[in-house]
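Read through the structure below, which is laid out as structure tokens, and then see the notes.
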Amino acid sequence: MPNGGKSDTLEWMDDRQTQRRIRQALLTDRLLGVDAVPLGSRPVSAPPPEPRIETNPPASAPASCDSQAPFAKPPTETSSMTVDEKRLALEELDRNEVRGCTKCDLCKGRTNTVFGQGHPDADLMFIGEGPGADEDVQGLPFVGRAGQLLNKQIDAMGLKREQVYIGNIVKCRPPGNRAPSAGEAAICTPYLLSQIEIIQPKVIVALGGVASKFLLNDPKLAITRQRGQWKLFHGIDLMLTFHPAYLLRQYTKDNRAKVWDDLQKVMDRLGITKR
Ligand code: URA
Ligand code: SF4
């Protein structure tokens, strides 16, 4: 592991913290660093990658987890869909319903709808709040600066962006990058629910307080207090973490370590042991 700035990194470590924490922090520093070379532009039509993430048997939930959160998904109708059927179902949902949608006023200001992107059979799904300016222009989720950081986080987890699925609460850009309103989120969420039902991810990561509040229907949720916790969303394990745009604004070692902790819980839950 390259260790430029290693002593800097260790300076902020508490003596009582474990060896594992030190290793995590070093990885966090290296892999989530904005000063690292940004990833190149997102592949527009990457070939379908290997199917679901190869996993070891899932680790049992850490003590801090919601003990209610199961790992195994109950079988449902959609879980018997093939990858091609899932891909087709997603394409049809996008083409037939989302692209022309005028169900809320956000349609008025959009350039493109941003349906979502990724593997139709992904084990892991990230959900943000809604498209920003770059996403609106390209019609793809998380392609701006926050998206570059998300790419690095996915990479740090030992995954490729093409192996996960990335979506948003609302599919059209709220003007001026404001958060979607509760009404807009309520009108658009059925599309997200359909995506989740088709993909059947094992774990969902809510990116930021806005997505977390809407997914959990908890307007009072405080992401600073509740990140790192396992929740359940429609029977699927849900991890709450900071939004990458927030992390870019508050780019402290402490915040980076917190996000990396959250992502490592997700890796444990999925049985990912890479790196
Ligand atoms: N922020 C989000 O919440 N979603 C995106 O797609 C991009 C930035
Ligand atoms: Fe339709 Fe959602 Fe766009 Fe509103 S935000 S117009 S509900 S796709």
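Some notes on this structure:
- Hey, Val205 hydrophobic (A, V, I, L, M, F, W, C), in a loop (DSSP other than H, G, I, E, B) and either within 14 Å of ligand 2 (Cβ to nearest atom) or under 17 Å from the mean Cα position of the chain (by Cα) (or both) or not: no
- Inter-residue pairs, beta-carbon under 6 Å, first open to solvent by 10 Å² or more (accessible area, probe 1.4 Å) and in segment 200-211, second among the β-branched types (Val, Ile, Thr), 6+ apart: Gln200/Thr78; Gly209/Ile223
- Any hit, segment 233-249, residues being at positive phi and either touching a Lys or Arg at 6+ places or on another chain (Cβ under 6 Å) or assigned to a helix (DSSP H, G or I) (or both): no
- Among the residues of segment 98-110, those identified as over 24 Å from the mean Cα position of the chain (by Cα) and more than 8 Å from ligand 2 (Cβ to nearest atom) are Gly100, Lys108, Gly109.
- Tabulated pairs, segment 95-113, first more than 21 Å from Phe142 (Cα to Cα) and open to solvent by 50 Å² or more (accessible area, probe 1.4 Å), second away from ligand 1 (no atom under 14 Å from the Cβ) and not in a loop (DSSP other than H, G, I, E, B), C-beta under 6 angstrom, 6+ apart or interchain: Lys103/Ile187
- Ile198 fulfils the conditions (1) in a helix (DSSP H, G or I); (2) within 16 Å of ligand 1 (Cβ to nearest atom) except for a single criterion, (2).
- Restricting segment 153-176 to residues that are touching a helix residue (DSSP H, G or I) at 6+ places or on another chain (Cβ under 8 Å) and surrounded by fewer than 20 Cβ atoms within 10 Å (Cβ to Cβ), the residue that is nearest to Ala186 (Cα to Cα): Pro175
- Hits in segment 235-264 (condition: touching a Pro at 6+ places or on another chain (Cβ under 9 Å) and surrounded by fewer than 23 Cβ atoms within 10 Å (Cβ to Cβ)): Gly235, Ile236
- Some residue of segment 216-226 being β-branched (Val, Ile, Thr) and surrounded by fewer than 21 Cβ atoms within 10 Å (Cβ to Cβ): yes
- Selection within segment 250-273 - within 23 Å of Gln200 (Cα to Cα) and in a loop (DSSP other than H, G, I, E, B): Gly271, Ile272, Thr273
- Scanning segment 111-160 for residues that are farther than 22 Å from Arg87 by Cβ, within 16 Å of ligand 2 (Cβ to nearest atom) and either among the aromatic types (Phe, Trp, Tyr) or in contact with a Pro (Cβ under 8 Å, 6 or more places away or on another chain) (or both) yields Glu129, Gly130.
The values are calculated or read from the model by the stated rules, or taken from the named source; none is laboratory data. Quick caveat: nothing in here was measured; it's all calculated off a predicted structure. Neighbour counts run over all protein chains shown; Cβ positions are idealised from the backbone, glycine included. To get the accessible areas, we keep the full protein, side chains included, count just its heavy atoms, and leave off ligands, DNA and RNA. Shrake-Rupley method; radii C 1.70, N 1.55, O 1.52, S 1.80 Å.
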